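The values are calculated or read from the model by the stated rules, or taken from the named source; none is laboratory data. Values in this document were obtained by computation on a predicted structure and should not be read as measured data. Cβ: placed from backbone, ideal geometry, glycine included. Neighbour counts: every protein chain shown. Note: accessible area is taken over every heavy atom of the protein model, side chains too, but ligands, DNA and RNA are not part of it. Shrake-Rupley method; radii C 1.70, N 1.55, O 1.52, S 1.80 Å.
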Amino acid sequence: MTEVLFFIEVVVAGLLAGTMYSLVALGFVLIYKASSTFNFAQGAMVFFAVLAFVGFMELGLPFSLAFVVTVLLMVLVGFCTERMVLNPLMNQSEDTLLMATIGLGFVLEGLAQAAWGVEVRRLDLGIGDFPIEWIIDVFGLFVSALDLTAGIVAAVLIIGLALIFKYTRMGLGLRAVADDPGAASSIGIPLKNIMLLVWSAAGVVALVAGMMWGARAGVQFALVDLALKALPVLIIGGFSSIPGAIIGGLIIGATEKVLEVYVGPFFGGAIEGWAPYVLAIFFLLYRPEGLFGEKIIRRV
């Protein structure tokens, strides 16, 4: 029975981490759905957003005001990106847009460190990284309060955005732009406004993801590497699917934790650093469109 409870603990911890991976992947999905471009700047946006948030608090702003100011800053970043980067390159190839996002990532990394410095900062959200007592008493499981809170916040944000894009006019416009930008423009859907909204939403998602990860590992340049961890999630779930980002994140989170605990000792540990990419390779070989990419493949 103890071994079963331990296995459940490992899976639950993996699923909670998976929601965080889904949150990072969601930023990629939003951009890809609107422009069919993989946004290599998403990791830099995470780093830029959370570093700015901590920087504003260091200037004396209270938590809530710093959050609002940072959200407005990320909306400004989205506006500048759409007007200064995407709009001039609207008729260019996807490869050109891809290179533009790589350049944008370096710009955001440089601006963040120039404005706030390069030292690692501690982010205290007021949530301790300790087991929740009532879960121990009821279920006998050791679940971190920080992990559970991060998982809940990520899940609420992901579900909220999914509902917005499915049931609102903005979501309808986004789906139309994703299907055929030319046809969407011809019926009066403002492409510039859609792109601005998408990039702004991706910026807000980056801020929340950075806050959750920064509270655990500190606000540091390593947050940029979150983009790499989201890549297997996108491959498994599908690059244009919000449900795919959710399912892919849960699969990656649970798989890497289970493999790290039960298989990692045979490889000297640290298997969770590369196991997700091995799983992604299998998907590329046998289902390259991902779990939720079938409709896209058929349309092509």
**Study point:** Matching entry among Thr70, Thr81, Thr96 (being at pLDDT 85 or above, of a type in the set (S, T, N, Q) and assigned to a helix (DSSP H, G or I))
**Key:** Thr70
Exercise for review: Report the residue count in the range 210-237 for those that are under 19 Å from Asp147 (Cβ atoms) and touching a Gly at 6+ places or on another chain (Cβ under 7 Å).
Suggested key: 3
Practice item. Taking only the range 236-247 into account, find how many residues are open to solvent by less than 30 Å² (accessible area, probe 1.4 Å) and either outside any helix (DSSP H, G or I) or at pLDDT 90 or above (or both). Key: 4
Exercise for review: Can you run down the residue pairs with Cβ atoms below 9 Å, 6 or more apart or on separate chains, where the first is in the range 26-44 and farther than 17 Å from Gly103 by Cβ and among the β-branched types (Val, Ile, Thr) and the partner is in a loop (DSSP other than H, G, I, E, B) and open to solvent by 10 Å² or more (accessible area, probe 1.4 Å)?
Suggested key: Val29/Phe239; Val29/Ser240; Val29/Ser241
Practice item. Please go through the range 248-269 and pick out each residue that is assigned to a helix (DSSP H, G or I), in contact with a helix residue (DSSP H, G or I) (Cβ under 7 Å, 6 or more places away or on another chain), open to solvent by 20 Å² or more (accessible area, probe 1.4 Å) and without any contact (Cβ under 8 Å) to a residue 24 or more places away in the chain. Key: Leu259, Glu260
Exercise for review: Tell me which residues, restricted to the range 217-235, are modelled with pLDDT of 85 or more and surrounded by fewer than 23 Cβ atoms within 10 Å (Cβ to Cβ).
Suggested key: Leu231
**Study point:** Failed item in (1) under 24 Å from Ala201 (Cβ atoms); (2) assigned to a helix (DSSP H, G or I); (3) in contact with a Ser or Thr (Cβ under 8 Å, 6 or more places away or on another chain), with Leu279 passing the rest
**Key:** (1)
Review point. If you scan the range 116-160, which residues turn out to be of a type in the set (A, V, I, L, M), assigned to a helix (DSSP H, G or I) and out of contact with any helix residue (DSSP H, G or I) (no Cβ under 7 Å at 6 or more places or on another chain)?
Key: Ile135, Ile136, Val138, Ala145, Ile152, Val156, Ile159
**Study point:** Test result for Glu272, acidic (Asp, Glu), part of a helix (DSSP H, G or I), closer than 16 Å to Ala17 by Cα and open to solvent by less than 50 Å² (accessible area, probe 1.4 Å)
**Key:** no
Revision key, fill the gap. Out of (1) at pLDDT 80 or above; (2) in contact with a strand residue (DSSP E or B) (Cβ under 8 Å, 6 or more places away or on another chain); (3) open to solvent by 40 Å² or more (accessible area, probe 1.4 Å); (4) not aliphatic (A, V, I, L, M), the one Phe130 does not meet is (1)
Review point. Among the residues of the range 218-234, is there at least one that is of a type in the set (Val, Ile, Thr), farther than 19 Å from Val46 by Cβ and more than 13 Å from the chain's Cα centre (by Cα)?
Key: no
